[in-house]
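Everything below concerns the one structure shown next.
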Amino acid sequence: MPGKTKVLKKPNRSLAEQAYLLEIAKGLGTTLKHFWQGTSQMVSGNTPDAVKDPWADGIATISYPDEKRPYAERWRGVHRLTHRDDGSPRCVACLCCSTACPAQCIYIKPAEYAEGDARHGYERYPELFVIDELRCIFCGFCVEACPCDAIRMDTGTHMTAYDVKSDFIYDKAKLMSMVSQHGTQKSENPRHEPGDPTHPGVDRLHGGH
Amino acid sequence: MLLFWISAIVKIALIVGTLVNMAAILLWVERKQSAMMQNRIGPNRATIKIGSLEIRAAGLVHSIADGIKMIWKEDWEPVGVDKFLYRLAPIAALVPPLCLFAVIPFGPTLYPDHARDLYDASWAQDAMRAVPMQITNLNVGVLYIFAVAGAGVIGAALAGWASNNKFSLMGGLRAASQMVSYEVAMGLSLVGSMMVYQTVRLDEMVTWQTQHCWGIFTQPLAFVLFTTAAIAETKRVPFDVPEGESELVAGYFTEYAGLKFGMFASGELVEVCTSSALLVTIFLGGWQLPFVQLTGFEFHALGIDLSWHWAHFIVVIVGVLTFVLKCAGLIFMQLQIRWTLPRFRYDQIMKLGWRMLLPAALVNVLATGMVLLFLNGGAHS
Amino acid sequence: MPTFKLDDREIPFEKGETIIQAAHRQGIEIPHYCWHPGLSIAANCRMCLVEVEPPPGQRAMMLDILTWDAAKNDYVVDRKPKLQPACQLAASDGMVVRSESSHFVKNTRAHVQEFLLANHPVDCPICDQAGECKLQDYYLSQQHTPKRMLDEPVHKPKAVPFGDTIVYDAERCITCTRCIRVCDELAGDHMLDLRERGNRNEVVLAPGRKLEGDYTLMTEHVCPVGALTSRHFRFKARVWTLKETPSICTGCATGCNMWVDVDPREERAYRNRPRDNAAVNKYWMCDDGMMTYLRETERRVLEASARGDAGRTKLTVDQAIERAAAALKGVPKGWLAVLLSAQASSEDNFVMVEFARQLGAPLYLSAKAGWKGDKILRSEDQNPNRAGAVAVANNAKVGTMKDLLHAVSAGQVQAVVGLGTDSDAEGDALATLGRVSDVVLLASHDGPLAARSTVLLPAASWLEAPGSFMNVRGIAQPFAKALPPKGDAVPAWDLVARLGRAMELDLKYRKFKEVRAAMAVITPAANPEKSSTADATAPAVQPQTTA
């Protein structure tokens, strides 16, 4: 089957346009107008507030580190690991995040809580929790996948530009030290630990009947 | 004789120093101008801190930072380059535009002995005591310019060839063919002017324009053709396919870094200055300001006779300033063209060069000849 | 063969078979928890309920029930048929069974599943069964509704140690009693039982006992949920990151079929699992066999070395082969002994036999000493391939290690080329080997022979190269490569062939396929393609009772 041919109409240009010179002059006029507008705004110090009104006429950029546009509440920033009440990570090293990660930037080495710990034999924790922030594409799949609300991207900050590549490899301590944009290291979702008063229920010894 | 040598050395130092620094200043102009045109703030963050004083100079410090960066950057050379040619290329790219300025008159001749006197034509008889505002006054003038400008292609071609990189090679090829093509149109476009001025010496061209009228009025088509060809020669937008980053990374200087890259970049900006100076000299009356003669301000028309005599050195200063300001205007226009026009396609460039500019230049020569013949009443001039 | 009808499909069955068995053989899975093809029938999970249509002319047994009518916003009187457990109901000719096609069955399964999950802690993130858990599978395929019970679930003991190998979590347990039955019927030791009833029901150890014996890990293997977890695997990996490779257990001469689960990213084996084979191991493996994956990384020979005056020096494999070839070339005919290995694959031994035949060297066999066998799976012979090594010798005489040491004492051996590192002879007796000037050994692991070698070449282990073993009953079974070789290791047959070529022998083998093909021609008995009955989808058989 022969392919369909789409015949494009030749643009209808007048001789003056074809000659190009006049059009160049017009273009130069436009740029000159903008040059004049921008320069007069800068010289008079009368630039519009681009933070509040990005569509204002004239100089529309901001001096980034001095002025910042606010991030949306659900904007995905650098990861943090949320804390439990006792300061240990909520993470139970289930590897759901590293499985979901399309960039494969999360490495977790699970470990068992030490003998004597209340969670020994019952839960695990991440001995190593490493995110390669250079590989990360900030898709948020890890946050979606996390069943324990242990990893969040609500820090409101983006990656710092470090000098050394290894600085971009965030380890557990670094991730645990990150704070959400509201200043908390915890998560608002409740968590019930076995033995907590918030963890009621019948069991074999303290029956309900 | 002593005056000649001292003045020559001072003039050379002044011009080379100005031109090289102009590259840095033009870099700033280009950035800030484009920022203003594009509703941006532009560069302003480089700071020199002296105690609590912070000098930002509206982004001019960036040019200094760039210079320092280029000097201190690793002088990296890729594997497999032709070392000699690779190192020669940036020099070959920067030197011709600097040399071009040698024959451009940038002011009226200065007679230091009569600095405070009113101009008198008899001073010119003592040639040894005159300081022409021109490094050297060659009797081949414009031809020298074509020769040296033609050498500019060598730098780009060498860089493309020596870099051992296909992108560089393509860029070098494009640069060479484009510059050779436009040189033809450029040369022919000036033939009409030479016929009108009856000379190839640039100082005499300025003198002719002082006595009659500016070249842009006698040769308007040549002005357009020459401007176009000159922009093409500088390899800047819209004629920047030799370094077209969308297809060739950075063209013929892809493999250059540090100061070598800086020489290419500043060579380009010096070319902008030089071509502007040439345009001013040939078409815009050079250092000449309307109604300012060597004796001062003279207006004798419309029944008004105004005469305001200036000391000789003031006239020279006014002349030099006039030249500088005219150049600045043209430089601004050339930079503005860069931020206004999109890049031509390569075949469009070739078509424009050979099928538009060249015939137009030939027609211009023919028309000029016919007009001159008519004006001179058919007599052999 | 009589047939019955399951969802419009004719299913053939043998007399005495249940519906679930016959369907299982046809590759149809009727959802189930407590039924296991290798165990007796408990019929306590109620997941496999099916609707059986009454014989022609008879009324179906119907039950009066109340169903929710959303339009009336009230319960209305309704009827539903009495459902039957497919695992317990024997098939009969012409029976009409409806499983997927009956909305009663689907409804019931959803409710059974909901009941099983009512008190479940849903701690999948910290559960090692996650990913291969039947509760997860059936939740998605049968239930797929949110939990309706609003009360706090019943809390039961967590992380109860059941002996040295197994940890029990009563909250995850659905008390299907598979583990109890595996102890009773496979190990023949009633170590586990149930206590309490209803939602307090849980598995406990028999008083004064702990879970012990050689088959404790099978309790974890049959557990359909995360209630029983093995200490060696728990908290180590997630099952969805693992890749299974069919392999053969190297623990003893039984040659149990197994899957070895490796993490391809870390190139590390994480566990063994029994692979069903009705002819060899049915559905089971012993604890020692389950742990062989750990033995694979212990004491590995990862680089070639040679023994000199100043101890062992490291060599590249090529250097070591050159050195060995140079030493062996000088040995006069008849003074070289070739040592086969009962631990190495038939293919490795086959190339070694070829090597020996071309040099006219006598054959001997190195093997591990015997161990305690049992009547369930474990063979007295600890070597996976003694039969295969003998079979590839092709009727040539194969002496034992003792014979070799005798010959050495008698001064009849000047050099030895050997496979493997194990020896059934004692340490003192092995010292005799010191009289041999050149001992070239191709070993994957360090051991008594490796320590006495003059040139040691690193061989790939059983997980790092394909091959086959012939078990004690003469069944040759292939296994696949699960991991890339570690260090400088190379498959042993390749090392032998390269050594042979360095000695200008006619050993052209460069690919494993060529070795397998040559073996099929020269010693067809050892060829696994022919005699193996290894089949992952083995038919269901009657539960094996050993008690």
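Derivation of every value follows stated rules applied to the coordinates shown; laboratory data play no part. Note that the structure is a prediction, hence the values are computed from the model and not measured. As a convention, Cβ positions derive from the backbone with ideal geometry for all residues, glycine included, and neighbour counts pool all protein chains shown.
Listing C:W493, B:W72, B:W354 from the residue with the fewest other Cβ atoms within 10 Å to the one with the most, what is the order?
B:W72, B:W354, C:W493
What spacing in nm lies between the two simple spin-label points modelled at A:E144 and B:N376, each 7 Å away from Cα in the Cβ direction?
8.4
Taking the Cα centre of region B:1-84 as origin, work out the dipole magnitude from +1 charges on Lys and Arg Cβ and -1 charges on Asp and Glu Cβ, in debye rounded to 20.
In total the dipole reaches around 380 debye.
Specify the longest stretch of chain A that does not include any exposed loop site, a site being one of the GluC sites (Glu not before Pro) with a non-H, G, I, E, B DSSP assignment and at most 13 other Cβ atoms within 10 Å.
A:116-187
Would you work out which of C:V203, B:I317, A:G77 lies farthest towards the positive end of the dipole of the protein assembly as shown? Charges go on Cβ: Lys and Arg +1, Asp and Glu -1.
Farthest towards the positive end: B:I317.
Could you give the size of the charge dipole of the protein assembly as shown about its Cα centre, using +1 on the Cβ of each K and R and -1 on the Cβ of each D and E, expressed in debye and rounded to the nearest 20?
Here the protein assembly as shown has a charge dipole of around 1340 debye.
Taking the 0 to 90 degree range and rounding to the nearest ten, how far is the long axis of helix C:103-118 tilted relative to the main principal axis of chain C, both from C-alpha atoms?
70
Roughly how many nanometres apart are two label points built 7 Å out from the Cα toward the Cβ at A:K186 and B:L53?
Taking the simple label geometry, A:K186 and B:L53 are separated by 5.5 nm.
Mind checking the alpha-carbon convex hull of region C:216-335 and giving the volume per residue in Å³?
Considering the Cα atoms of region C:216-335, their hull volume per residue is 187 Å³.
Leaving out same-chain residues fewer than 8 places away, which aspartates and glutamates sit with a Cα under 14 Å from that of C:K329?
Partners found: C:D438, C:E504.
Is it possible to state the helix-based mean residue ellipticity at 222 nm for chain B, with each DSSP H run of 4+ residues giving -39500 (n - 2.57), the sum divided by total residues, to the nearest 500 deg cm²/dmol? What is it?
Mean residue ellipticity at 222 nm (helix-derived): -20500 deg cm²/dmol.
Would region C:363-501 count as rounded, prolate or oblate if I go by the C-alpha gyration tensor, calling it rounded below 1.5 in a/c and otherwise prolate when a/b exceeds b/c, oblate otherwise?
oblate
When only C-alpha pairs under 8 Å and at least 6 residues apart count, what is the relative contact order of region C:7-129, in percent?
29
What percent does the relative contact order of region A:121-176 come to when contacts are Cα pairs within less than 8 Å and at least six residues apart?
Result for region A:121-176 is 55 percent.
Relative to the longest principal axis of the C-alpha atoms of chain A, give the angle of the C-alpha long axis of helix A:21-44, reported between 0 and 90° and rounded to the nearest 10°.
50
Mind jotting down a quarter of the surface of the convex hull over the alpha carbons of chain C, in square nanometres, one decimal?
30.4
For the residues B:M128, A:M176, what sequence is obtained by ranking on other C-beta atoms within 10 Å, fewest first?
Listing B:M128, A:M176 from fewest to most nearby Cβ atoms yields B:M128, A:M176.
Take every DSSP beta bridge whose two residues both sit in region C:346-499, then give the antiparallel share in percent to the nearest 5.
So the antiparallel bridges in region C:346-499 amount to around 25 percent.
Can you tell which of B:L138, B:G67, B:H114 lies farthest toward the positive end of the dipole of region B:50-180, using +1 and -1 charges on the Cβ of basic and acidic side chains (Lys, Arg; Asp, Glu)?
B:G67
Looking at region C:268-358, which GluC sites (Glu not before Pro) are DSSP coil and have at most 13 other C-beta atoms within 10 Å of their C-beta?
Hits after loop and neighbour filter: C:E298.
Can you figure out the FRET efficiency of C:V239 with C:A110, using R₀ = 22 Å and their beta-carbon distance, to the nearest 0.05?
Here the calculated transfer efficiency is 0.30.
Semi-axes of the equivalent ellipsoid of region C:144-226: what are they in whole Å, largest first, if each equals the square root of 5 times a C-alpha gyration tensor eigenvalue?
Over the Cα atoms of region C:144-226, the semi-axes work out to 25, 13, 11 Å.
If R0 is 25 Å, what FRET efficiency do you get for B:D75 and B:I25 from their C-beta distance, rounded to 0.05?
E between B:D75 and B:I25, to the nearest 0.05, is 0.50.
As I understand it, the dipole of region C:165-237 uses +1 on the Cβ of Lys and Arg and -1 on the Cβ of Asp and Glu, about the Cα centre. Which of C:C183, C:V225, C:G213 lies farthest toward its positive end?
C:V225
Ignore the peptide's own chain and count Cβ atoms of other chains within 10 Å of each Cβ in C:148-160; give me the average, rounded.
So the per-residue partner count for this stretch is 4.
Pick from A:L175, A:L32, A:L21: which is most flexible by mean-square fluctuation in a GNM of chain A where alpha carbon atoms under 10 Å apart are linked?
Residue with maximal mean-square fluctuation among A:L175, A:L32, A:L21: A:L21.
At a 10 angstrom cut-off on C-beta neighbours, averaged per residue, how do the peptides C:365-376, A:97-108 rank from highest to lowest?
Per-residue mean Cβ counts within 10 Å order the peptides as A:97-108, C:365-376.
Viscosity 0.692 mPa s, temperature 37 °C: what is the translational diffusion coefficient of the protein assembly as shown from Stokes-Einstein with a Kirkwood Rh over Cα pairs, rounded to a whole number of µm²/s?
83
Search the structure for amide H atoms under 5 Å from the amide H of B:L110, placed 1.01 Å from N in the peptide plane, and list their residues when 5 or more places away or on another chain.
B:V131, B:M133
Checking the a/c ratio against 1.5 first, then a/b against b/c, what shape does the Cα gyration tensor give for region B:233-376?
Verdict is oblate for region B:233-376.
With +1 assigned to the C-beta of every Lys and Arg and -1 to the C-beta of every Asp and Glu, and no other charges, what is the dipole magnitude of chain B about the Cα centre in debye, to the nearest 20?
Approximately 880 debye in magnitude.
Given the options B:L158, B:L94, B:L341, state which has the largest fluctuation in a GNM of chain B using a 10 Å cut-off (strictly under) for Cα springs.
Highest fluctuation of the listed residues: B:L341.
Extension gain C:A410-C:S40, at 0.36 nm per residue separation less the Cα-Cα distance, in nm?
Taking 0.36 nm per residue and subtracting the Cα distance, the gain is 127.3 nm.
Tell me the angle of helix B:166-197 to the major Cα principal axis of chain B, expressed in degrees between 0 and 90 and rounded to the nearest ten.
Computed tilt is about 10 degrees.
Which part of region B:208-238 falls in the paramagnetic zone of B:V363, meaning amide N under 20 Å from the point 7 Å along Cα-to-beta-carbon?
B:216-230
For the pair B:A127 and C:D374, how long in nm is the line joining their label points, each one 7 Å along Cα→Cβ?
So the label points at B:A127 and C:D374 sit 12.2 nm apart.
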